[in-house]
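Below you'll find the structure, written out as structure tokens, and then a few comments.
Values quoted throughout were computed directly from the atomic coordinates according to the rules given, and no laboratory measurement underlies them. Please read all numbers here as calculations on a predicted model, not as lab measurements. Cβ placement follows ideal geometry from the backbone for every residue including glycine, while neighbour counts extend to all protein chains displayed.
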Amino acid sequence: MLVMLVDDSRSSLLHLKNLLEGCGGVEGSLYEDPHLALDAADRQHFDLVIVDHVMPKMDGIEFTRRLRAMPSYAQAPIVMLTASSSQAVRLAALEAGATDFLPKMSNWIELSVKLRNLITLSSAVRARDDQAARLAREVEVATRKLHDREEEMIFRLSLAVEYRDSDTGEHTLRVARYSRMIAEELGLPPEDCRGIYLAAPLHDVGKVAVPDSVLLKPGRLTADETEVVRTHAAVGERILGDSGSDLMRLAAEIAGNHHERWDGTGYPRRLAGEAIPLSARIVAVADVFDAMTTERPYKAAMPAATALDTLAAERGRHFDPRCVDAFLAAQKRVLPGPPLTRRDRDAPNPTAALSPTPSSVVAFPRRCAC
């Protein structure tokens with residue numbers, strides 16, 4: 001056990017040190033300057049602190065107050081050594097955070113007994129703190145395991161849905177990465193970026209209710225079939241909603257709103273602007289970009305340059321302008337090489353200068369029911 005002794009009297013310090021170390025298992029550190037003692041306490045934790053009341057550079061009450069302000073000394077026993085019997089002094093010391101008092105003029109036997117009691121108290125406090133730290137570590141490990149399992153369950157569920165629409169299941173992973181990129185570029189807190197990354201893969205979970213004959217149809221969808229595909233947003237929200245998990249509730253928010261449009265012409269609620277949850281606005285950009293640049297049974301992949309320019313053209317119509325700008329700013333993390341140079345984003349046909357792809361191909365993938 002480490003004990004800090006603070007007193008401007010060297011003889012008093014040596015006397016206390018001898019008494020303490022005579023109890024066994026105790027090592028005393030002596031400080032005549034309270035400022036040096038505070039510096040030492042900041043570098044090393046002491047199990048017990050005994051400080052004199054009257055000192056020239058800083059009295060024991062002020063020392064106690066400053067020591068208590070250090071997080072690691074919020075609970076450590078701090079004992080005031082004083083010859084004063086003044087009630088006002090004792091009250092001030094207690095208000096500063098003193099645990100107990102030692103009479104400076106007490107006899108050797110009485111002082112020894114009090115010191116042994118203090119050592120016992122300090123040992124109990126240290127044991128309690130050690131147990132609390134151990135329990136905190138165990139809770140942290142258990143919580144991390146739960147988060148890992150939750151993450152695994154989300155990705156496995158999202159892959160199960162995606163395998164109906166492709167043979168790799170990588171769409172959900174790319175959408176997750178793109179969504180996190182956008183969130184980070186927007187300056188969202190790290191925990192929000194991580195939440196969006198984990199929840200985004202479930203954006204299309206409602207597709208489990210869409211028949212394969214519609215979902216994988218190679219030809220043009222009828223109006224009725226388009227409406228069937230569009231039900232996946234509301235279905236996904238119902239599947240994930242009313243969960244006790246914050247992450248699942250976030251996933252439900254994304255699933256139910258990622259096909260809403262900034263201009264209010266989306267579905268299922270025709271929300272507009274910032275009435276659409278930010279998480280869904282972010283995933284909408286990531287989802288459409290990946291859908292445009294991925295080959296599916298019912299369409300060819302669009303060149304990435306064309307897809308980026310299409311996003312820019314839909315800025316303020318289909319997509320939240322800030323989310324599009326964030327994705328374009330982070331494009332170096334999507335495409336190799338320097339950022340692409342494009343014409344004015346408001347040009348009538350911004351894709352023409354970048355790609356020979358016919359304008360009829362520059363459209364959102366039909367199965368997104370965008």
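Ordering A69, A132, Q44 by Cα displacement along the dipole of the range 2-135 toward the positive end leaves A132 in first place; charges were set at the Cβ atoms of Lys, Arg (+1) and Asp, Glu (-1). Charge dipole of the chain (Cα centre as origin; +1 on each Lys and Arg Cβ, -1 on each Asp and Glu Cβ, all else neutral): 700 debye, rounded to the nearest 20. Using the alpha-carbon atoms, what tilt in degrees (0 to 90, nearest 10) does helix 246-257 show relative to the longest principal axis of the chain? Tilt relative to the chain: about 20 degrees.
Assuming 0.692 mPa s and 37 °C, estimate D for the range 132-206 with Stokes-Einstein, Rh taken as the Kirkwood radius over Cα pairs, in µm²/s. For these conditions, the coefficient is 241 µm²/s.
Annotation note: trypsin sites (Lys or Arg not before Pro) in the range 210-243 located in DSSP loop regions with a Cβ neighbour count of at most 15 within 10 Å are R220. Projected onto its three principal axes, the C-alpha set of the chain covers 100, 41, 35 Å, listed from the longest axis down. Over the chain, what relative contact order in percent results from Cα pairs under 8 Å that are six or more residues apart? RCO, the chain: 10 percent.
With both labels modelled 7 Å from their Cα along Cα-to-Cβ, the M153 to E274 distance reads 3.5 nm. Based on DSSP H segments of at least four residues, each scored -39500 (n - 2.57), the chain has a per-residue ellipticity at 222 nm of -16500 deg cm²/dmol.
Evaluated with a Cβ-only charge set (Lys, Arg +1; Asp, Glu -1), the range 180-265 carries a dipole of roughly 260 debye about its Cα centre, given to the nearest 20. Our coupling estimate for the range 141-158, obtained by passing each phi through the Karplus curve with A = 6.51, B = -1.76, C = 1.60 and θ = phi - 60°, is 5, 5, 5, 5, 5, 4, 5, 5, 5, 4, 4, 4, 4, 5, 5, 5, 5, 5 Hz, Gly and Pro reported as x. What you get for the range 2-135, charging only the Cβ of Lys and Arg (+1) and of Asp and Glu (-1), is a dipole of about 280 debye around the Cα centre. For helix 304-313, report the angle its Cα long axis makes with the longest principal axis of the Cα atoms of the chain; keep it between 0 and 90° and round to the nearest 10°. So the inclination is approximately 90 degrees.
Ellipsoid semi-axes for the range 2-135, based on the Cα gyration tensor and the rule √(5λ), read 21, 18, 15 Å when sorted largest first.
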